[in-house]
Amino acid sequence: MGTSQSSPPKILILATLSGGYRGADGVGQMHAEYQPNTYVLPVVCPSMFPEDFYLRTFEKGMDAIIVMFSGSDCPYKDGAQKTADIVNRTYQRMKELGLDTRRLRLAAICTVCTTPFQKEVRRMEEILDEIGPVERPYSVVREP
């Protein structure tokens, strides 16, 4: 199902400073382009964001989130495993809320991964063309 809204769906990229963000920076240095509806947020490690962060991000207007890191670039102990665990729990909550889990992706992007960075953004654009934006109003059911 394509979108009929006036603005394109928004994509948030959580890009680790030592991996995904450098890949994004490399895309910029090449003067390559990706859609202007893509927002890159540099982070130390995605394991610092709980499930509610992702769910509230959808609630606040983002339609997709890509977590870009190499898995080994997190300075926190077991950061890669913690990130995977958080994302898996978020998938479960997304299902409970009726959100398509394809809206959230983990992607291995390293410091020189400019082509894979662009490919991940294009892939998410294709998914959003198929499933459309998050239907709003949307509200996260908060657990006690």
Looking at segment 38-55 only, could you name the residues that are surrounded by 16 or more Cβ atoms within 10 Å (Cβ to Cβ) and in a helix (DSSP H, G or I)? P46, S47, E51, Y54, L55
Count of segment 84-103 residues which are in contact with a Phe, Trp or Tyr (Cβ under 6 Å, 6 or more places away or on another chain) and surrounded by fewer than 21 Cβ atoms within 10 Å (Cβ to Cβ): 1
Which numbered condition Q35 fails, given (1) assigned to a helix (DSSP H, G or I); (2) closer than 28 Å to S7 by Cα; (3) at pLDDT below 95: (1)
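The values are calculated or read from the model by the stated rules, or taken from the named source; none is laboratory data. Everything quoted here is computed from the prediction, not taken from an experiment. In this analysis, Cβ positions are derived from the backbone assuming ideal geometry, glycine residues included, and neighbour counts consider all displayed protein chains.
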